[in-house]
1. For A:P136, are the conditions met, namely being open to solvent by 30 Å² or more (accessible area, probe 1.4 Å) and under 23 Å from A:R67 (Cβ atoms)?
2. Any idea which residue in the stretch B:200-209 is farthest from the other protein chains (Cβ to nearest Cβ), counting only those that are open to solvent by 30 Å² or more (accessible area, probe 1.4 Å) and not polar (S, T, N, Q)?
3. In the stretch A:170-199, how many are more than 7 Å from every other protein chain (Cβ to nearest Cβ) and without any contact (Cβ under 8 Å) to a residue 60 or more places away in the chain?
4. List the helices (runs of 4 or more DSSP H) that sit entirely inside the stretch B:41-133 and contain at least 3 residues that are touching a Phe, Trp or Tyr at 6+ places or on another chain (Cβ under 7 Å) and under 24 Å from B:I176 (Cβ atoms).
5. Given the conditions (1) outside any helix (DSSP H, G or I); (2) at pLDDT 95 or above, and given that B:A10 satisfies all but one, which numbered condition is not satisfied?
6. Which one of B:D155, B:D168 is at pLDDT 95 or above, among the acidic types (D, E) and open to solvent by 30 Å² or more (accessible area, probe 1.4 Å)?
7. Go through the stretch A:12-56 and report how many residues are out of contact with any helix residue (DSSP H, G or I) (no Cβ under 9 Å at 6 or more places or on another chain), within 11 Å of DNA strand C (Cβ to nearest atom) and without any contact (Cβ under 8 Å) to a residue 12 or more places away in the chain.
8. Just to check your reading of the model, which residue among B:S135, B:S115, B:S127 is within 9 Å of chain A (Cβ to nearest Cβ) and farther than 16 Å from A:Q192 by Cα?
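The values are calculated or read from the model by the stated rules, or taken from the named source; none is laboratory data. Please read these numbers as outputs of a predicted model, since none were measured by experiment. FYI the Cβ positions are ideal-geometry reconstructions off the backbone, even for glycines, and counts take in every protein chain you see. Calculation scope for accessible area: heavy atoms of the full protein, side chains included, ligands and nucleic acids excluded. Shrake-Rupley method; radii C 1.70, N 1.55, O 1.52, S 1.80 Å.
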Number of protein chains: 2
Amino acid sequence: MQSSDPIPSAAPTHDPAETRSRLLDAAEQLFAEHGFNGVSMRTITGTAGVNLAAAHYHFQGKEGLYRAVFERRVVPMNEERARLLQACLDEEARTGQLDPSAVLDAFIGPAIRISAAPGADNFRRLSGRASADPSPEARRTIYELYDTVAARFVDILARACPHLAQEDLFWRLACIYGAMMYVRADSGRLQQLLGSEYSMADSSAAMHHIIPVLAAGLAVPSLAKSRGKGKRRSSRGS
Amino acid sequence: MQSSDPIPSAAPTHDPAETRSRLLDAAEQLFAEHGFNGVSMRTITGTAGVNLAAAHYHFQGKEGLYRAVFERRVVPMNEERARLLQACLDEEARTGQLDPSAVLDAFIGPAIRISAAPGADNFRRLSGRASADPSPEARRTIYELYDTVAARFVDILARACPHLAQEDLFWRLACIYGAMMYVRADSGRLQQLLGSEYSMADSSAAMHHIIPVLAAGLAVPSLAKSRGKGKRRSSRGS
DNA sequence: TTAAGTGTCAAACGGACGTTTGAATCATGC
DNA sequence: GCATGATTCAAACGTCCGTTTGACACTTAA
């Protein structure tokens, strides 16, 4: 007995694993397009061809589904980030040098290249937009999932840029985070403004163009007005 | 999730101008905090101490209110942007030089300094977050209100950077827009990550730190792989 | 005084929301 | 066979949503 589905291709299933992945795929796409508050559970389950109650059975509600969408992509991404950052530290231990470009690459690369994973291009846009999503569900999810590795990145980048004061670091990180998030969010605004055919989904082009530009920004000497407060950081060991 | 109790100090009014401005102020704050879909008209009118129907009387519904919130701040901001960009062009006509830093300053300055206007700090966060808000109401509003001056900025910046190909321009603009929007959105994430007391609401500090960093990014030589497609732009006159 | 116009008000409209329920259906082991 | 736990299903729950209505208050001008 099949119910009438909005999407004809989505046939009912009794495989719980497929139910879960169908829900995650539909939610990923729809959250990316409309934001957390812009989609209803009915739309998501309808798109996935899954019963409304099944979504609550598997994910305990809307926020649980939202969090699961992130976890599926962010956990592997964080592992790659941690691995690449560790490689930077290994290189430092060997040569005594810590290249800011390599640190940038280790942090931004996995986030940009995530769209290369099969079916993950929706997640790239979702994660970029979620960084500016003010809804508490989004903020909670992001903080908990990204923070450990992000804090590690900030720490290592600070050591790679000993010429920068804490105040400098704050604003340069704003530029770095901003550029990364803007490329991920991919609002389509620049394509419209430039009338150009370049796409932010091209992860290798993004890395090729963005890393040197951000590295040049990091290389600018300290701009902090050293009034005692804007103290230069000491080289701390950790 | 959101408190729906009206502010006790908000006494009823019969002055239509005050009703309008109270609604705009409450909407500005609540849209910034929760996004377009995250606030209800009841919460907004309750916070403003205004009757629910009055909001529809004055603004013809929720999207009209959203748009009015933007218009109040963006129209003057665009005038300042246009004025400063024209000053760059005047300088170019006089000296034959077009300074990329000055062009950046003319575009970013008014957007950052907007938080200095009385009561406009909520709008700074709102506009930053709206740039990544995928809801059609937000996108429509933004495109229509910002685009004319934004296109002018892109055009002038391109002329100020004759060493850059169209492809370079695309990615550097992503960095510029990203940094500007990230500072405006002010998610509080960097403060948490750094454990620092620096605030993105400090517009003079923001300009002092961000413009030189972005200018250094613009000064990086072209990274476009010149394969015929990534053509260098010709100096066009308009 | 009266008539029109403007703005506010409480109340209601129909619909969409996230979530829950309890029965039906499935695979599996005895 | 039959019991068990896992999963799906249609239907409903109560609440909140954006918007509309029509009565009422106030100002203005003839």
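1. Values: open to solvent by 30 Å² or more (accessible area, probe 1.4 Å): yes; under 23 Å from A:R67 (Cβ atoms): yes.
Against the criterion (open to solvent by 30 Å² or more (accessible area, probe 1.4 Å) and under 23 Å from A:R67 (Cβ atoms)), A:P136 qualifies.
2. Just the residues of the stretch B:200-209 that are open to solvent by 30 Å² or more (accessible area, probe 1.4 Å), to begin with: B:201-202, B:204, B:208.
When the remaining residues are screened for being not polar (S, T, N, Q), the result is B:201-202, B:208.
Numbers: B:A201: 13, B:D202: 10, B:H208: 6 Å.
Top of the filtered list is B:A201.
3. Here the count works out to 7.
4. Details: elements: B:41-48, B:52-59, B:62-95, B:100-113, B:121-130.
Because the criterion is at least 3 residues that are touching a Phe, Trp or Tyr at 6+ places or on another chain (Cβ under 7 Å) and under 24 Å from B:I176 (Cβ atoms), the helices (runs of 4 or more DSSP H) in the stretch B:41-133 that meet it are B:62-95.
5. Evaluating B:A10 over (1) outside any helix (DSSP H, G or I); (2) at pLDDT 95 or above leaves (2) as the failure.
6. Values: B:D168 fails: open to solvent by 30 Å² or more (accessible area, probe 1.4 Å).
From the options B:D155, B:D168, the qualifying one is B:D155.
7. Qualifying residue count, the stretch A:12-56: 2.
8. Numbers: B:S115 fails: within 9 Å of chain A (Cβ to nearest Cβ); B:S127 fails: within 9 Å of chain A (Cβ to nearest Cβ).
Step by step, each of B:S135, B:S115, B:S127 is checked, and only B:S135 is within 9 Å of chain A (Cβ to nearest Cβ) and farther than 16 Å from A:Q192 by Cα.
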